[in-house]
Amino acid sequence: MEDYRNPRPAEENSNIPMITLLVLVALVIALLYVGWQSMSDDTTKTEVVLSTPPKSDAMKGQEDADLVSAPVTEMPEEGAEKEDKKASTTVDESAKQDNKAKDEKVAEKKKEEAKKAEELAKTEKKTTEAPLKGTTFVHTVQSGETFYGIANRYHISKAALQTLNPDIKPEGIKVGITKLNVKVKAIHTVGPGDILRVVAQKYGVSKQLIMDANKKTKDLTERGEKLIIPLP
């Protein structure tokens, strides 16, 4: 049986190897071009590196100084460290407030003491300037007594007692020997029905002042007893 299919032209078969050859040649040329371009870039970089002048000692020193003076960035604190720092700050502030309160109390106390001393000085000055009225009573110093204690016993100031006894030094008094002039309101002789409350009302002084002046610990009197009535 005969084959009626059309055979391929001979020219088309002969063109295929030619096209393949051209493609290969083009690839080789492209590879050569890429290699040449790469070599050219390397040469340029080498020339740039070789042409860069070396750094002088001054430049190196300046760079070192810049590194030293460059600000150091602190690392952020952790949460626990921040809390500890905050707690420490709170404690310090509380301690400062406590110290401030104590200082204010001390200053206030000093002011009060200074005020009392000033008032006492004024009282003593008035007492010194204005002579005390009343009866003069001679007191003999007894064991355990002091100049200031005797003044308190008879309810007069130390300055007034010193005015009444200008020749006697407070620190030089002697038991049983030194005699002090003391101003009192009166010397009362106890009569019938003269209990301390009644006597105090009569002279316008407190019962306790009469007991202190006469060194009494109990509210008792005896007929004929001499009671010292201190100044009110």
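FYI, it's all coordinate maths here, none of it is from the lab. From a predicted model like this one, the values you see are computed outputs, not experimental measurements. Reconstructed Cβ throughout: ideal geometry from the backbone, glycine too, with neighbour counts over all protein chains shown.
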| request: State which entries of LYS185/LYS226; LYS158/LYS216; LYS111/LYS215; LYS133/LYS215; LYS179/LYS226; LYS102/LYS158 exceed 25 angstrom in Cα-Cα distance in the structure shown. | output: LYS111/LYS215; LYS102/LYS158
| remark: For segment 181-187, Karplus-derived ³J(HN,Hα) couplings (6.51, -1.76, 1.60; θ = phi - 60°; whole Hz; x for glycine and proline) come out as 7, 10, 8, 10, 6, 5, 10
| task | Grab the other residues whose beta carbon is less than 13 angstrom from that of VAL199, score K and R as +1, D and E as -1, and report the net. | result | +3
| Between LYS207 and VAL25, what is the label-to-label distance in nm when each label sits 7 Å out along the Cα-to-Cβ direction? | 15.0 nm
| request: Quick one: grab the alpha carbon gyration tensor of segment 185-232, order the square roots of its eigenvalues as a ≥ b ≥ c, and give me rounded if a/c is under 1.5, else prolate or oblate depending on whether a/b is larger than b/c. | output: rounded
| Once fully extended, how much extra length lies between VAL198 and TYR33, figured as 0.36 nm per residue of separation less the alpha-carbon to alpha-carbon distance? | 45.3 nm
| request: Tell me which residues come under 5 Å, amide H to amide H, from ALA186 once H is placed; ignore anything under 5 positions away on its chain. | output: THR135, ILE229
| said: For a quick check: sort TYR203, TYR148, TYR154 by the number of other beta carbons within 10 angstrom, fewest at the front. | reply: TYR148, TYR203, TYR154
| request: Note down the net charge around LYS109, summing +1 for each Lys or Arg and -1 for each Asp or Glu among other residues with Cβ under 12 Å from its Cβ. | output: +1
| field | Low-density loop positions, trypsin sites (Lys or Arg not before Pro), segment 181-232 - DSSP coil, at most 10 other Cβ in 10 Å | value | LYS215, LYS218, ARG223
| note | Expressed as a whole-number percentage, the relative contact order of segment 185-232 with C-alpha contacts under 8 angstrom and at least six residues apart is 57 percent
| said: Can you sort THR135, THR20 from fewest to most other Cβ atoms within 10 Å of each residue's own Cβ? | reply: THR20, THR135
